[in-house]
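Novice: Here you go, one structure.
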Amino acid sequence: MREIQQSFLDAEGVSFAAGLTADYGDRVMDFGIDFTGRADSGVLTVTSPELIAGAQVKLGDGGAALSYSGAEVYTGELLPDGLSPVDAVPVMVSAWGEGLVTETVKEKWEGVSCLAALFRIDDDVNLRTWFDEAGLPLHAEFTFDGYTVISADFYDMKVE
């Protein structure tokens, strides 16, 4: 696991496409995103649903700015009261590089041999990520009080 974390720490940035699912209890929302950047800065572009495809969130300085059709809106600090799908991306990238790993186990994710790592985000939130043999994330799940609230499947992951 140390080698995986070191590769993320040494990287100038990461890029990936992902399918995110956010479970709000009373409704479930699916999003497609592209991300390029680091844990502390980057650009997240929504690819689906079609209604908001093309919207961008620029992450940096502990906050985010939403950009869509030429308008830009500062959305405030990350993680003030909870974890949103936008917040999840920099939290994952940060955890992969320097997060507190509390458990690792070898297991399969959809037939692929993986190293599953559990990261402690805070007292109530954990992140489990399944890394393939090359050390790249295939799937991740945030849990809050034992319930999966955000999950992500990764495509075209690059650690540069």
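Novice: Within the range 104-160, work out how many residues are in contact (Cβ under 8 Å) with a residue 24 or more places away in the chain and among the charged types (D, E, K, R).
Specialist: Total meeting the criteria: 5.
Novice: Okay, next question. List pairs: first in the range 19-46 and without any contact (Cβ under 8 Å) to a residue 40 or more places away in the chain and within 27 Å of residue 146 (Cα to Cα), second surrounded by fewer than 19 Cβ atoms within 10 Å (Cβ to Cβ) and aromatic (Phe, Trp, Tyr), Cβ under 9 Å, 6+ apart or cross-chain?
Specialist: 25/147
Novice: What strands (runs of 3 or more DSSP E), lying completely within the range 88-160, carry at least 2 residues that are among the basic types (Lys, Arg)?
Specialist: 100-109
Novice: Kindly list the number of the only condition in (1) at pLDDT below 90; (2) surrounded by 13 or more Cβ atoms within 10 Å (Cβ to Cβ); (3) over 17 Å from the mean Cα position of the chain (by Cα); (4) not aromatic (Phe, Trp, Tyr) that fails for residue 79.
Specialist: (3)
Novice: For the range 112-160: of the residues being of a type in the set (Phe, Trp, Tyr) and touching a His at 6+ places or on another chain (Cβ under 9 Å), which is nearest to residue 33 (Cα to Cα)?
Specialist: Looking at residues that are of a type in the set (Phe, Trp, Tyr) and touching a His at 6+ places or on another chain (Cβ under 9 Å), I get 154.
Novice: Please state which one of 145, 124, 87, 153 is in contact with a strand residue (DSSP E or B) (Cβ under 6 Å, 6 or more places away or on another chain), among the charged types (D, E, K, R) and at pLDDT below 95.
Specialist: None of the others qualify; the one that does is 124.
Novice: Look at the range 16-33 and say how many of its residues are more than 11 Å from the chain's Cα centre (by Cα), farther than 15 Å from residue 83 by Cβ and surrounded by 15 or more Cβ atoms within 10 Å (Cβ to Cβ).
Specialist: 1
The values are calculated or read from the model by the stated rules, or taken from the named source; none is laboratory data. As the structure is a prediction and not an experimental result, all values here were calculated from the model. Counting neighbours? That spans all protein chains shown, and the Cβs are built from the backbone with ideal geometry, glycine included.
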